[in-house]
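Inspection log for the structure reproduced underneath, given as structure tokens.
The values are calculated or read from the model by the stated rules, or taken from the named source; none is laboratory data. The shown structure was predicted, so the numbers you read here are calculated from the model rather than taken from an experiment. All Cβ positions, even for glycine, are placed from backbone atoms using ideal geometry, and neighbour counts span all protein chains on display. To get the accessible areas, we keep the full protein, side chains included, count just its heavy atoms, and leave off ligands, DNA and RNA. Shrake-Rupley method; radii C 1.70, N 1.55, O 1.52, S 1.80 Å.
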Amino acid sequence: MKDFFKMTFATMCGIVLLSVITGILFMISLVGMIASESASTKVKDNSVFVLKMNGVINEQAESENPLSMLLGQADMEAMGLDDIIASIRKAKDEEEIKGIYIEGGAASFDAPATAQQIRDALVDFKKSGKWIIAFADQYMQQSYYVASAADSVFLNKTGMIDFRGLGGKSMYMTGLYEKIGVKYQCTRVGKYKSAVESVTRKDMSEADREQRTMLFQGIWQKMLKDMADSRQVTAQQLDQLASDSIIAFANPDDYIKARLIDRVMYPEQIKEVIKHKLGIDDDDDINQLSLSDMINVKSKKKDKGDKIAVYYAYGEIIDEQLSAFSSEHAIVGSKVVKDLNELAKDEDVKAVVIRVNSPGGSAVASEQIWHAIQNLKAKKPVVISMGGLAASGGYMISAGANYIFAEPTTITGSIGIFGLIPNVSGLLTDKLGITLDGVKTNRFGDYQENLVFMNDNAEEISNLQGYVDRGYENFLNIVAQGRNMKRDEVHEIAQGRVWLATDALPIHLVDKLGSLDDAVKKAAELAELKDKYYTASYPGQSSWIENLFPKDNKGTYLDSELRTLLGDAYEPFMEARMDQQRYPLQARWPYSVRGK
């Protein structure tokens, strides 16, 4: 018996000791990982910045959970546009960096304007006299658009280029809902407000076809011009090339004849090209700097002078976190209002630039943010810098700023409101045989149940339409006030219609085409700052302890699994699921503009 207790005690001690040692090793690994992440990168002479165009590129890279990073489960292919552009500029300023090597791939951009901004930064980099070369096993269309800025574009001997123009189809779920006895009840203002059509129609409306054609044509013409200038061909030649045949299936030699690329080669041969550019021997190693390395290279610009805050507002505008499944970044109304109020009180901040990249969302949250911007503007200048998308609610929060900049391929406008409520009476009664009955103290005491479960709800729908109409009028007044226009002038260009920024400029929805840098310069001018000023990004990056114990459950793992399982059906599935959680009054542009 004594031996049993000895053995049990020894086992328990062993377990405790093992747990302690494991915990210590874990903490050492965690601290080491955090230290390595924060350590600055020393740039060696004759270095090359390697920009891999493979992964998801959003406005900013999300902070990773340290535990996920330690276990190798972090999404290492998620990149931030801000990090990429800052790294290209550092590469331009660092004398030790001689050039950029773009490794093309299947990068996914959150909007065409994202690819355009990276390309613009590369074109600016070339003004330094340094070189850029690009190589890929295959170029997806947006990746090729970026890579075409290079001095030389190379392709694997068995590679392909996805060069086809812009286009795509949307899923219309009405037929499916009819089969299961569900009908979406729509209240909207504006014939172009097409957010509801995926669940109320079986095909595209003529109004939606008109606006989407305008967007695609405008973006494509911009891409053609940029690529033609770099590849020394005409835009007409490239346009005809995309129409003649499926370029992705062409012989690589035909790519050379069409001047899409300069040469085909095997992957190991690109190293020889880079070494030749650097003037080093074949046996020498190439000093390569990844995006992660470049992020940790200290900027030559010091934080001196007055502070300009750059506040990033991107994603759908929501009242609260919508779904535990969704890992998408969102603009949470209450949090943004709190942040903007703090910026208004911060005496060190002399001006604020708000970087907006949003399809809109909750009309209530959008108006609350707009109101917070008005309070902020009363104390210091506010300039908007529109990213890939600043539509509907995204435009509402922008409209009241002192000045609005947009990228040439920004999608904006969509001034309109809609309400969308599913009615499941056909499913319950006709399909399942379920009936409802009850009591009430007042005429509309059960209006919510009537909207969802009853066919005879014309009065409720009429009241909802009145609510939407008032929301639209409020939207018009917000824009009219902010843009110094009359209500009827706004209505004429509103009605839910989206505009490309180049078309939005002459109708006064934006003030000027320009980059985030241009917006910062304008903010400094409005604040009457001298040459010495610097920018600080808000909200700040979460600390490692906040990332280790996040407050919000974004369900990254579940979301990634759903994406893999559902493929192209993922977005319609998530839209249907989140429709149940969204606020009834929506100012939102429905379509994803993410491109490859």
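Condition test on Ala501, is it at pLDDT 95 or above, crowded, with 21+ Cβ neighbours inside 10 Å and out of contact with any Ser or Thr (no Cβ under 6 Å at 6 or more places or on another chain)?
For Ala501, the condition - at pLDDT 95 or above, crowded, with 21+ Cβ neighbours inside 10 Å and out of contact with any Ser or Thr (no Cβ under 6 Å at 6 or more places or on another chain) - is not met.
Does Lys277 meet the test of being among the charged types (D, E, K, R), in contact (Cβ under 8 Å) with a residue 60 or more places away in the chain, surrounded by 16 or more Cβ atoms within 10 Å (Cβ to Cβ) and within 30 Å of Lys338 (Cα to Cα)? Give the steps one after another, and end with the answer.
Details: among the charged types (D, E, K, R): yes; in contact (Cβ under 8 Å) with a residue 60 or more places away in the chain: yes; surrounded by 16 or more Cβ atoms within 10 Å (Cβ to Cβ): yes; within 30 Å of Lys338 (Cα to Cα): no.
It is false that Lys277 is among the charged types (D, E, K, R), in contact (Cβ under 8 Å) with a residue 60 or more places away in the chain, surrounded by 16 or more Cβ atoms within 10 Å (Cβ to Cβ) and within 30 Å of Lys338 (Cα to Cα).
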Worksheet entry | the range 158-177 - residue that is open to solvent by 60 Å² or more (accessible area, probe 1.4 Å) and at pLDDT below 90 and, of those, nearest to Ser230 (Cα to Cα) | Thr158
Practice prompt. Would you please list the contacts, defined by Cβ atoms under 6 Å and residues six or more apart or on different chains, that run from a residue in the range 511-534 that is within 14 Å of Ser385 (Cβ to Cβ) and open to solvent by less than 50 Å² (accessible area, probe 1.4 Å) to a residue that is outside any strand (DSSP E or B) and not aliphatic (A, V, I, L, M)?
Written response: Ala523/Pro381
Worksheet item: Which one of these does Ser299 not meet: (1) among the hydroxyl-bearing types (Ser, Thr, Tyr); (2) open to solvent by less than 30 Å² (accessible area, probe 1.4 Å); (3) in a loop (DSSP other than H, G, I, E, B)?
Response: (2)
Discussion item. Can you pull out every residue in the range 419-456 that is in contact with a Leu (Cβ under 8 Å, 6 or more places away or on another chain) and closer than 30 Å to Val510 by Cβ?
Written reply: Gly419
Item to complete: Could you please tell me which pairs satisfy a Cβ distance under 8 Å, a separation of 6+ or placement on different chains, a first residue in the range 424-436 that is over 9 Å from Lys183 (Cα atoms), and a second residue that is of a type in the set (Asp, Glu) and open to solvent by 80 Å² or more (accessible area, probe 1.4 Å)?
Response: Leu436/Glu449
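Please work out if Lys130 is among the charged types (D, E, K, R), touching a helix residue (DSSP H, G or I) at 6+ places or on another chain (Cβ under 9 Å) and within 27 Å of Lys225 (Cβ to Cβ).
Working: among the charged types (D, E, K, R): yes; touching a helix residue (DSSP H, G or I) at 6+ places or on another chain (Cβ under 9 Å): yes; within 27 Å of Lys225 (Cβ to Cβ): yes.
Yes, satisfied.
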Discussion item. Checking the condition at pLDDT below 90 and of a type in the set (A, V, I, L, M), which residue from Ala195, Ala147, Ala235, Ala228 passes?
Written reply: Ala195
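Restricting to the range 430-476, and then to whatever is farther than 30 Å from Ala391 by Cβ and either under 34 Å from the mean Cα position of the chain (by Cα) or aliphatic (A, V, I, L, M) (or both), can you tell me which residue is surrounded by the fewest Cβ atoms within 10 Å (Cβ to Cβ)?
Restricting attention to the range 430-476, the residues satisfying the condition of being farther than 30 Å from Ala391 by Cβ are 430-447, 449-450, 453-459.
Next cut, either under 34 Å from the mean Cα position of the chain (by Cα) or aliphatic (A, V, I, L, M) (or both) only: 432, 434, 436, 439, 454, 458.
Working: Leu432: 11, Ile434: 12, Leu436: 12, Val439: 6, Met454: 17, Ala458: 9.
Top of the filtered list is Val439.
If you go through the range 128-147, how many residues are farther than 17 Å from Ile411 by Cβ and in contact with a Lys or Arg (Cβ under 8 Å, 6 or more places away or on another chain)? Break it down into steps so the answer makes sense when it comes.
If we filter the range 128-147 for residues that are farther than 17 Å from Ile411 by Cβ, which is where we start, we get 128-141, 143-144, 146-147.
Of the ones still in play, those that are also in contact with a Lys or Arg (Cβ under 8 Å, 6 or more places away or on another chain) are 128, 130-133, 140-141, 143, 146.
Of the residues in that region, 9 qualify.
If a residue has to be farther than 18 Å from Tyr311 by Cβ and either out of contact with any helix residue (DSSP H, G or I) (no Cβ under 6 Å at 6 or more places or on another chain) or surrounded by 24 or more Cβ atoms within 10 Å (Cβ to Cβ) (or both) to count, how many in the range 373-411 make the cut? Walk me through how you get there before you give the answer.
In the first step, residues of the range 373-411 are kept if they are farther than 18 Å from Tyr311 by Cβ; the result is 391-392, 408-409, 411.
From what's left, either out of contact with any helix residue (DSSP H, G or I) (no Cβ under 6 Å at 6 or more places or on another chain) or surrounded by 24 or more Cβ atoms within 10 Å (Cβ to Cβ) (or both): 391-392, 409, 411.
Total meeting the criteria: 4.
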Fill in: Filtered residues of the range 195-234 (kept if without any contact (Cβ under 8 Å) to a residue 60 or more places away in the chain, of a type in the set (Gly, Ala, Ser) and closer than 30 Å to Ala134 by Cβ)
Ala228
